[in-house]
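The values are calculated or read from the model by the stated rules, or taken from the named source; none is laboratory data. The model shown is predicted, which means the values in this text are computed figures rather than measured ones. Methodologically, a virtual Cβ is constructed for each residue, glycine included, from the backbone with ideal geometry; neighbour enumeration extends over all protein chains shown.
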Amino acid sequence: MHCKMAIHLMVAAATLVARPALSGDLSFTMINYTNQPIIRLWTSPTTSSYWNEAGNVYVPRNGGRQRTTFDSAAYGSDCYQDLKIQFQGGVIRTIEHIYLCGVSSIAIDVNRSGQVTYAAN
């Protein structure tokens, strides 16, 4: 009996180590280094096609900051998320496969070829 319980505990522990999870609501400061304000943000677990939109988003351009929170029930518990960003004017860009566990801020910019670059702290 103890051997079976030990095996179940080891399998459960390995599952937790193999797939890190977010706990609580997902919250970070978005820092916008582009020349266009950000007007909408969405997250999606990398393994999903469902997008969860953050409410009341407006991140000013050229270094503007805004604290953003996503409800944990809506985004799931995966640490790896995709982030979709809509700029004023309608342009939408997606950053894929960001590790968000423990992230307090995400700084974004757009390079000369129009691709979004980011740094997460």
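Would you be able to tell me the number of residues in segment 29-85 that are assigned to a loop (DSSP other than H, G, I, E, B) and either touching a Phe, Trp or Tyr at 6+ places or on another chain (Cβ under 7 Å) or of a type outside the set (D, E) (or both)?
23
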Item to complete: Starting from segment 66-81, keep only residues that are closer than 11 Å to L41 by Cβ, then list their pairs with residues that are surrounded by fewer than 17 Cβ atoms within 10 Å (Cβ to Cβ) and modelled with pLDDT under 85 whose Cβ atoms are within a distance under 7 Å, requiring at least 6 positions of separation or different chains.
Response: T69/D25; F70/D25
Item to complete: State the number of residues belonging to segment 94-114 that are of a type in the set (D, E) and in contact with an Asp or Glu (Cβ under 8 Å, 6 or more places away or on another chain).
Response: 1
